[in-house]
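Visitor: Got a structure for you, questions after.
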Amino acid sequence: VVIDPQRLHDPWRGYVREALHAEQRFDAAVESTPQGPLRDRLAEMGERVAGAVNESWRIANHGQQLELALGRFDPIDQLERRLADAGGDERVATSVRSQIQAYRRIEATAIDVRERLRLLDARLDETVASAVEVGLRVGDPVEVGALDGDVESLVTEMEALRRGLEETAGLTARGVSAM
């Protein structure tokens, strides 16, 4: 997978850049760790960090698609005026309400994805700091295990977020309102 932050708009571009920068710092921490079992273990974790960066890229793409989808709606204030102007025509009012609800669901999902990706990027930075610290201490087994658990938890959360977005997109594409 080629990760190209330039293909994204902000804030999504910034999240991916931050994730790539964190991966570079993690790799540097591995490289600065003396040869041996600790470095080998950190290198294995580095592969999972790379997986987290890939997930960040995929999540950011989904997030951007959500925001682009909002642009395909009439502006929300225009929809609200159309609802107010529907008068007694319940069919028109029902249709406009449905559009407003769809807009709000997509908007809420995009906001949630943005907030969660920002948090996951911060946790990735925290993981890098821990890797630097563990590498400098030449591997307290408890700290290495905790770091390994943190990396695994982070990757799992990113994968779950991405899978959830893919499932939601699949349901929406089939015309099922799932957001």
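The values are calculated or read from the model by the stated rules, or taken from the named source; none is laboratory data. No experiment lies behind these values; they were computed from the predicted model shown. Every residue, glycine among them, receives a Cβ derived from its backbone with ideal geometry; neighbour counts consider all protein chains shown. Surface accessibility is based on the protein's heavy atoms, side chains included, excluding ligands, DNA and RNA. Shrake-Rupley method; radii C 1.70, N 1.55, O 1.52, S 1.80 Å.
Visitor: Across segment 91-143, what is the total count of residues that are basic (K, R) and more than 29 Å from R81 (Cβ to Cβ)?
Guide: The initial filter retains those residues of segment 91-143 that are basic (K, R), namely 91, 97, 104-105, 114, 116, 118, 123, 137.
Still in the list and also more than 29 Å from R81 (Cβ to Cβ): 116, 118, 123, 137.
Residues that pass the stated criteria total 4.
Visitor: A further question follows. When you go through Q99, Q64 one by one, which is the residue that is among the polar types (S, T, N, Q) and open to solvent by less than 20 Å² (accessible area, probe 1.4 Å)?
Guide: Numbers: Q99 fails: open to solvent by less than 20 Å² (accessible area, probe 1.4 Å).
One residue alone meets the criteria, Q64.
Visitor: Can you name every residue in segment 84-96 that is surrounded by fewer than 14 Cβ atoms within 10 Å (Cβ to Cβ) and touching a Leu at 6+ places or on another chain (Cβ under 9 Å)?
Guide: None; the set is empty.
Visitor: Tell me, which residue of segment 5-27 that is touching a Ser or Thr at 6+ places or on another chain (Cβ under 9 Å) and closer than 15 Å to R114 by Cα is most open to solvent (accessible area, probe 1.4 Å)?
Guide: Applying the first criterion (touching a Ser or Thr at 6+ places or on another chain (Cβ under 9 Å)) to segment 5-27 yields 15-16, 18-20, 22, 26.
From the residues that got through so far, the ones that are closer than 15 Å to R114 by Cα too are 15-16, 18-19.
Details: Y15: 29, V16: 1, E18: 62, A19: 1 Å².
That would be E18.
Visitor: Identify the residue in segment 28-55 that is open to solvent by 70 Å² or more (accessible area, probe 1.4 Å) and free of Cβ contacts under 8 Å to residues at least 24 places away in the same chain and, among all such residues, is nearest to A110 (Cα to Cα). I'd like the intermediate steps shown before the answer.
Guide: Here is the first cut: in segment 28-55, the ones open to solvent by 70 Å² or more (accessible area, probe 1.4 Å) are 31-32, 34-35, 37, 40-41, 44, 47.
Filter once more, so that each one left must be free of Cβ contacts under 8 Å to residues at least 24 places away in the same chain: 31, 35, 40, 44, 47.
Working: E31: 37, Q35: 44, D40: 38, E44: 33, E47: 28 Å.
The selected residue is E47.
Visitor: With the condition kept exactly as written, say whether any residue in segment 1-15 is touching a residue at least 24 places away in the same chain (Cβ under 8 Å), within 26 Å of the chain's Cα centre (by Cα) and closer than 30 Å to P141 by Cα.
Guide: Within segment 1-15, none of the residues are touching a residue at least 24 places away in the same chain (Cβ under 8 Å), within 26 Å of the chain's Cα centre (by Cα) and closer than 30 Å to P141 by Cα.
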